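Report on the structure given below.
The values are calculated or read from the model by the stated rules, or taken from the named source; none is laboratory data. No experiment lies behind these values; they were computed from the predicted model shown. In this analysis, Cβ positions are derived from the backbone assuming ideal geometry, glycine residues included, and neighbour counts consider all displayed protein chains.
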Amino acid sequence: MQESLQRGWHELDVVFVTGDAYIDHPAFGVPLLARWLEHHGFRVGIIAQPDWQNIDSFRTLGRPKLFFAVTAGAMDSMVAHYTPAGKLRHDDAYTPGNRHGARPNRATIVYTSCCKAAYRDVPVVIGGIEASLRRFSHYDYWGDKVRRSILFDSKAELLVYGMGERSLLAIAQRLKNGEDYKSVTDVCGTAVAARPGQIDSLYVEIPSYQEVVADRKKYAEAFRLVAHEQNPYCGRAILQGHGDRALLCNPPAMPLTSEELDLLYSLEFTRLPHPSYQEPIAAWEQIKSSITTHRGCSGGCSFCAITHHQGKFIQSRSERSVLHEIERVAAQKWCRGSISDIGGPTANMFGMKCTAPDRGESCRRDSCLYPSICRNLYLADKESLNLLRKARNLPAVRHTAVASGVRFDLLLRQPGYFAELVANHVGGLLKVAPEHLCENVVRIMHKPGERVFAVFLEMFRRMSREAGKRQGVVPYLISGHPGCTINDMVDLALKLKEFGLRVEQVQDFTPTPGTLSTCIYYSGIDPFSGESVHVPRGAKEKRLQKALLLAHLPESRNDVLEALRVCNREADGGVVFGNGAEQGESRNGKQTGRGKSAHSVRSRR
């Protein structure tokens, strides 16, 4: 509160409550939104990682005049706390000292309850990825059941989904103008509780909470109907009954324009953790000198939350804005002229746009890349190439890298960007995400598959050699995904041997709220085709699948032998184990005795 008084603020309009440490950096949602509201004339405070067992922690900044804005943080709190096997994690990259336990399970619900206990008459607006992906009735892996909308479980007044700038600003402006929060029911990018008979707007009704709990086919139907309405230009409001009430989810908010993004990222961020912190914060160390060039992802991967949260329309900053930020960051003493990342959710989507006559405003595709790259998608090879070239030639810049993942299928159609990336911006290892290579699995995942990956890998290795670089790829892979059998994992292990690749860590599929893969995991049905899909559920099958990709580790040997017996493929054991011949890929694409880690940090999804 002392910092607010120093600015002459004796009362705050909005108080944010977040499960993350406070880092005034545009890569973190709460500081970004707080700066945005402040720019528009609102007095804003942030309570970071409050003690939820002490209500006074929620009174430290006083009673907000307009509302509390509550978020679990950059990750769903259950994903942050538990492994796919249900084991408790012992670290938290968003907490000083990397300590676990600074936020509660189901943090959005707990924080909302605490805010209401602190000031009963103050409205609470929930948001962030936890609220965004749990806005409808959803399958919760950690409770192994379908839960109600988080709006009802938290008892918040409003829910903001998506990135939030437009929606949160509209709410704040209407409340500041004297409107009662009960009438703020029509803001795009928000969801509210309603009585079915009292709704005037047009809407699509999906199966109710009671129906999706009772019938898995209804759950799949509800997902399909929601997915059909996610285009912000033509999507309609969605109604889902919850007993005698209903969730009214308004259409998505419009994407920010290039000019609005430029303004947002030009705000006066310190890019530093709050000075009260005495211990390092791992998340900040990783992204402190990174630059966000765009938002959104056109990929529509089944397991990924980005499209559901940021949308499929790419929103790019201007080249001038990005270069100006790079100059500002490179001049900082802690940066030393090294830019750790120039990218976004998918690095090589900068500048992409729809060239259809209506700019995609009537498009109902959930992916611009699957089952094939849309002919109306402009891939912006020239723009991306120019940005990277200009960035590395800025006087204050000593080194630039692209640490964000890239879509290898797009790289094959971006020759200029591909060559520039390989020659100047790969820090030895390039992150790519085939996730799997067997056709029947990548079809469920909505990924390109083996043939495209093989072409990419050959080109990457050839271009690295021509550039005189010792470089390799870090392939992100998923085991236990819906549609994947043990037999498929044996095939994948053999394909990796064929490509000369080896991984040290594999991501076991986690059914996170709101994704297509989670819908299939729970229902056993592809909601778009209606076909039944095999789902690896048992701990044994999941363990055996994962072990097949880690066959080079001694502790995996018994599980690999069992997996081969299960699918009658003992004859493939010699190749799977490698007999000491197949090793990992070094930075020049040759064989080496040391495998490179392919650990995937899934907070990006």
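Points worth noting:
- Residue, nearest to R443 (Cα to Cα), within segment 370-393, restricted to residues that are free of Cβ contacts under 8 Å to residues at least 60 places away in the same chain and part of a helix (DSSP H, G or I): D381
- Inter-residue pairs, beta-carbon under 6 Å, first more than 12 Å from F269 (Cβ to Cβ) and in segment 16-33, second modelled with pLDDT under 95 and in a helix (DSSP H, G or I), 6+ apart: none
- If you go through segment 139-174 and pick out every residue that is more than 17 Å from L247 (Cα to Cα), in a loop (DSSP other than H, G, I, E, B) and in contact with a Phe, Trp or Tyr (Cβ under 7 Å, 6 or more places away or on another chain), you end up with 1.
- Looking only at segment 81-106, residues that are touching a residue at least 40 places away in the same chain (Cβ under 8 Å) and in a helix (DSSP H, G or I) come to 3 in all.
- Looking only at segment 210-257, and only at residues there that are charged (D, E, K, R), more than 20 Å from I126 (Cα to Cα) and outside any loop (DSSP other than H, G, I, E, B), the one that is nearest to the chain's Cα centre (by Cα): R224
- Unique match (being of a type in the set (D, E, K, R) and over 29 Å from Q505 (Cβ atoms)) among D20, D76, D24, D92: D24
- Scanning segment 95-109 finds no residues that are among the hydroxyl-bearing types (S, T, Y), under 21 Å from S183 (Cα atoms), assigned by TED's automatic domain parsing to the domain that holds A74 and in contact with a helix residue (DSSP H, G or I) (Cβ under 7 Å, 6 or more places away or on another chain).
- All positions within segment 399-430 that are assigned to a strand (DSSP E or B) and of a type in the set (V, I, T): T400, V406
- Just one residue in the set G578, G573, G514 is among the small types (G, A, S), touching a residue at least 60 places away in the same chain (Cβ under 8 Å) and part of a helix (DSSP H, G or I); that residue is G578.
- Of the residues making up segment 324-352, those that are more than 30 Å from M445 (Cβ to Cβ), part of a loop (DSSP other than H, G, I, E, B) and either of a type outside the set (D, E, K, R) or in contact with a Cys (Cβ under 6 Å, 6 or more places away or on another chain) (or both) are A331, Q332, W334, C335, G337.
- Residues of segment 431-482 that are more than 25 Å from A85 (Cα to Cα), part of a loop (DSSP other than H, G, I, E, B) and touching a strand residue (DSSP E or B) at 6+ places or on another chain (Cβ under 7 Å): Q471 alone.
- Residues in segment 52-65 that are closer than 18 Å to K176 by Cα and either of a type in the set (D, E) or surrounded by 17 or more Cβ atoms within 10 Å (Cβ to Cβ) (or both): P64 alone.
- Being within 18 Å of P511 (Cβ to Cβ), β-branched (V, I, T) and part of a helix (DSSP H, G or I) is a property that I109 lacks.
- Boolean, F68 is assigned to a loop (DSSP other than H, G, I, E, B), of a type in the set (A, V, I, L, M, F, W, C), at pLDDT 95 or above and crowded, with 19+ Cβ neighbours inside 10 Å: no
- The one condition in (1) touching a helix residue (DSSP H, G or I) at 6+ places or on another chain (Cβ under 8 Å); (2) surrounded by fewer than 20 Cβ atoms within 10 Å (Cβ to Cβ); (3) of a type in the set (S, T, N, Q) that S517 fails to fulfil: (2)
- Flag if P415 is in contact with a strand residue (DSSP E or B) (Cβ under 8 Å, 6 or more places away or on another chain) and in contact (Cβ under 8 Å) with a residue 24 or more places away in the chain: no
- Where a residue in segment 301-323 is in a strand (DSSP E or B) and its partner, wherever it lies, is of a type in the set (S, T, N, Q) and modelled with pLDDT of 95 or more, with Cβ under 7 Å and at least six apart: S316/S258; S316/T293
- Sole exception among (1) in a loop (DSSP other than H, G, I, E, B); (2) free of Cβ contacts under 8 Å to residues at least 60 places away in the same chain; (3) not hydroxyl-bearing (S, T, Y) for G360, by number: (2)
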